[in-house]
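The values are calculated or read from the model by the stated rules, or taken from the named source; none is laboratory data. Just so you know, these numbers come straight off a predicted model, no measurement behind them. Neighbour counts run over all protein chains shown; Cβ positions are idealised from the backbone, glycine included. Note: accessible area is taken over every heavy atom of the protein model, side chains too, but ligands, DNA and RNA are not part of it. Shrake-Rupley method; radii C 1.70, N 1.55, O 1.52, S 1.80 Å.
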Amino acid sequence: MNFNGTEFDTYFKNYPDSNGYFGKYGGAYIPDELKKAMDEITEAYFTICKSSKFIGELRRIRKEFQGRPTPVSYLERLSNSLGNVQLYVKREDLNHTGAHKLNHCMGEALLAKYMGKKKVIAETGAGQHGVALATAAAYFGLECDIYMGAVDIKKQAPNVARMKILGANVVEVTDGLATLKEAVDAAFAAYMKEYKDCIYCIGSVVGPHPFPMMVRDFQSVVGIEAREQFIEMTGELPDAVVACVGGGSNAMGMFSGFLNDPVDIYGVEPLGRGTALGDHAASLTYGEEGVMHGFNSIMLKDENGEPAPVYSVASGLDYPSSGPEHAFLHDLGRVKYDVVNDEETIDAFFTLSRMEGIIPAIESSHAVAYAMKLAKKMEKGSILINLSGRGDKDMDYIIEKYGIR
């Protein structure tokens, strides 16, 4: 199926299907003892997502607690430095807690309260999902366990401190590479022991059904807002939309607003240090079909067919797979997935900071870097970037590793 402006009219009614599949990707590859728990979550979600009480409460939270809608900002100085293409950013860095993650965490925690759960469990890489869920747990009076790899704990000390101040129990994971994949493994193992009393709040559009759908739906507020704001600002749609992709929650949130528009959409993966296996985390670019963490998608595999070791300068992107909907959109050709490396990313981090007074998260800097390259190729037009988070969490790490440029 090639995009011609009409196929996506009913896209969100058709995907995922009733079994949680986006084409051949998605599903729920989980132990029998967890199927009942996932069915319970699915039933509860489909009940409350149509409830005016739930929708009204979520809208109130977004407005009064999160500070939504977040603005779209025009990057005048950066645009002028690159040529004739005009760059804009959707400011999810101004969402409460500093990133897009709170959009789905407040929704998942509200769902947990509706289901009568006492506790939320999650993994985190860059720490933004952990901070957001700890915030949501504090807001709703829930217990909160956050699993985080030892490597990421060291890289993201400010966010670890924030989680603890908010009352979360941060569980250090030392297995394997001690990064995001291992944190997910540990969180899943803990959830299997406690699923009757808690809910696993997955931090991206990954995992077994219904989580890829639920997280996309909660994050779609980003794309809906951005589309309305951009048209109000300029009178037209952007020519291109750009977002970084690890698991892919910020990207699916942004892309959701534009899938049925004549807009080029780009998902940017981390090339890290290079193309060798273990030096990057660009699963959609270099991976193949495979199942991990309860869902079928495109993933990076080692010589034994297991999830391969991955690397990225961004803790939130070092995951060996991507959400099943991204795999689906990749195969359809509706979204173009491409890469930028660490050096390009760090250059974009400092460039945006110096030219616009916005310090971006390293994750978001991947999208900024790609948009800068794209702007140089385009002769005219506009690019809308999803600035998924702020860079406060990354400053100590960047200064230590790269210095001040």
Report task. Show the residues, 5+ positions off or on another chain, whose built amide H is closer than 5 Å to the amide H of VAL171. Result -> ILE146, TYR147, MET148
Query raised in the report: Just the accessible area for ILE224, please: 1.4 Å probe, Å², rounded to the nearest 10?
Result: 90 Å²
Report task. Evaluate E = 1/(1 + (r/R0)^6) for GLU64 and LEU237, where r is the Cβ-Cβ distance and R0 equals 30 Å; express this FRET efficiency to the nearest 0.05. Result -> 0.50
Query raised in the report: So which DSSP H runs in the chain come out at 20 Å plus along the axis (Cα) with average Kyte-Doolittle of at least -0.5?
Result: 32-48, 180-194, 211-234, 342-356, 362-377
Query raised in the report: Under the Karplus relation 6.51 cos²θ - 1.76 cosθ + 1.60, θ = phi - 60°, what is the ordered set of whole-Hz ³J(HN,Hα) values for region 70-79, x standing for Gly and Pro?
Result: 6, x, 9, 10, 8, 9, 5, 5, 5, 4
Query raised in the report: Of PRO262, PRO238, PRO360, which has the largest mean-square fluctuation in a 10 Å C-alpha GNM of the chain?
Result: PRO262
Query raised in the report: Which FRET efficiency, nearest 0.05, do ILE404 and ALA157 yield, Cβ-Cβ r, R0 25 Å?
Result: 0.85
Report summary line: Per residue, accessible area of the chain with a 1.4 Å probe, heavy atoms of protein chains only, in Å², comes to 38 Å²
Report summary line: Reduced to Cα centres, the span from region 172-241 to region 105-121 in Å works out to 15 Å
Query raised in the report: Just going by the charge dipole of region 81-182, with Lys and Arg at +1 and Asp and Glu at -1 on Cβ, which of VAL160, ASN84, GLY141 is farthest out on the positive end?
Result: GLY141
Query - the chain: calculated mean residue ellipticity at 222 nm from DSSP helix runs of at least 4, using -39500 (n - 2.57) - result: -13500 deg cm²/dmol
Query raised in the report: With all protein chains present and a 1.4 Å probe, how do PHE46, PHE8 order by accessible area, largest first?
Result: PHE46, PHE8
Report summary line: The Rg/Rh figure for region 201-308, Cα atoms and Kirkwood Rh, to two decimals is 1.04
Query - Efficiency of FRET between MET355 and SER51 - r from beta-carbon atoms, R0 41 angstrom, step 0.05 - result: 0.35
Query raised in the report: For region 225-280, what class follows from the C-alpha gyration tensor (a ≥ b ≥ c being the square roots of its eigenvalues): rounded when a/c is under 1.5, otherwise prolate if a/b is larger than b/c, else oblate?
Result: prolate
**Report entry** Cα centroid separation, region 22-80 to region 255-315 (Å)
**Finding:** 22 Å
Requested in this report: Just the number, please: carbon plus sulfur as a percent of the accessible area of the chain, 1.4 Å probe, no ligands or DNA/RNA counted.
Outcome: 49 percent
Query raised in the report: With every protein chain present, what accessible area does MET378 have (1.4 Å probe, heavy atoms only), rounded to the nearest 10 Å²?
Result: 40 Å²
Report task. List the residues whose amide H sits under 5 Å from the amide H of VAL340, counting only those 5 or more places along or on another chain, with H placed 1.01 Å from N in the peptide plane. Result -> GLU269, LEU271
Query - Cα gyration tensor shape of the chain, rounded if a/c is under 1.5, else prolate or oblate by comparing a/b with b/c - result: rounded
Report summary line: Counting as exposed only GluC sites (Glu not before Pro) in DSSP loop states with no more than 16 other Cβ atoms inside 10 Å, the longest exposed-site-free span of the chain is 1-235
